[in-house]
Amino acid sequence: MNPDNGAYTGLVDAHCHLQDGFLRHALAPALIRARAAGVTLMCCNGTGEDDWDYVLGLGRTHEDVHVSLGLHPWYVAGRSPHWLDRLEELVAAQPVAVGEVGLDNALSERNDAEQERVFLAQMALAAKYARPVSIHCRKAFGRLADLIRGMPERPPRMMLHAYAGSHEMVPVFEKLGFHISVCASITRPANRKARTACIRISPDRLLVESDSPAIAPPGVPFERNEPAYLPLVVETLAGLRGEDPRELARYTAANARRFFACDGEDGR
């Protein structure tokens, strides 16, 4: 499958993992393909202590890579005793977002209380330094909403990435101040839940992402996704919402740049 190169300009990939999978060893050509597809900013998320420095290096090396650092719920059990001190040191010293953080009740082996402690510690860190935060959530949407309501202070901007919740929860999270990001899961016709939910997201809260290298569109091996396929997400999303794809590309990019306070935007 080939993305429609040249059809778009100024796209923003609101969430990806350029450090993972095949992208780690084939990043240069993937970045060339992304830029040819019109992707002008990629928000790369670190997920654990082992990749934070590498992801920071990507941000320093590539002007179109924006960095976010966090401890993903999949890696909570393996964290070091000083993980939070290290994360705060990096966040305090760098213009980065916080994430990927979150809750994952789809894991067969997990400690929910421990997940929540780690999640809330990172949310408090994002609030302390006024950083946007990218949040992973699976099968824990009600609990996530309850935790956010109970926070004494929230980060200035919060994103639910690769949204996999119900359409009924969309207005709940928007009322809590969330942006909601959509990935290539909507390009799969069998995923009725995601395709229904994406229609309900308010235009000013909508973001698009690749979540690469995972969740590839049909015709691409699942773990061979890359930012160059973002136009397929835009086109599918626009079709489901009955909107012009170029206009959707424009406003989702503007939303993302405000969210991450890029190009001089203050994020408000």
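The values are calculated or read from the model by the stated rules, or taken from the named source; none is laboratory data. Everything numeric here is computed off the predicted structure, so don't read it as measured data. As a convention, Cβ positions derive from the backbone with ideal geometry for all residues, glycine included, and neighbour counts pool all protein chains shown. We work out accessible area using only protein heavy atoms, side chains counted, and drop any ligands, DNA or RNA first. Shrake-Rupley method; radii C 1.70, N 1.55, O 1.52, S 1.80 Å.
Structure above, values below:
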{"item": "Residue satisfying all of: in the range 216-229; open to solvent by less than 40 Å² (accessible area, probe 1.4 Å) and touching a residue at least 40 places away in the same chain (Cβ under 8 Å); nearest to residue 167 (Cα to Cα) among these", "result": "217"}
{"item": "Pairs with Cβ under 7 Å, 6+ apart, first in the range 199-215 and closer than 22 Å to residue 44 by Cβ, second surrounded by 21 or more Cβ atoms within 10 Å (Cβ to Cβ) and of a type in the set (D, E, K, R)", "result": "209/13; 210/13; 210/226; 212/226; 213/226"}
{"item": "Filter pass, residue 111 being polar (S, T, N, Q) and in contact with a Ser or Thr (Cβ under 7 Å, 6 or more places away or on another chain)", "result": "no"}
{"item": "Residue in the range 77-90 that is under 19 Å from the mean Cα position of the chain (by Cα) and open to solvent by 50 Å² or more (accessible area, probe 1.4 Å) present", "result": "no"}
{"item": "Hits in the range 45-75 (condition: surrounded by fewer than 20 Cβ atoms within 10 Å (Cβ to Cβ) and of a type in the set (Asp, Glu))", "result": "49, 50, 53, 63, 64"}
{"item": "Filter result for the condition that a residue is among the acidic types (Asp, Glu) and within 28 Å of residue 165 (Cα to Cα), over 63, 114", "result": "114"}
{"item": "Some residue of the range 200-208 being under 22 Å from residue 67 (Cα atoms), touching a helix residue (DSSP H, G or I) at 6+ places or on another chain (Cβ under 9 Å) and acidic (Asp, Glu)", "result": "no"}
{"item": "Yes/no for residue 91 being in contact (Cβ under 8 Å) with a residue 24 or more places away in the chain, touching a helix residue (DSSP H, G or I) at 6+ places or on another chain (Cβ under 8 Å), of a type outside the set (S, T, N, Q) and not in a helix (DSSP H, G or I)", "result": "no"}
{"item": "So residue 233, is it over 18 Å from the mean Cα position of the chain (by Cα), touching a residue at least 12 places away in the same chain (Cβ under 8 Å) and either under 16 Å from residue 7 (Cβ atoms) or in a helix (DSSP H, G or I) (or both)", "result": "no"}
{"item": "Entirely in the range 103-186, the helices (runs of 4 or more DSSP H) that have 2 or more residues that are buried (at least 23 other Cβ atoms within 10 Å of the Cβ)", "result": "112-128"}
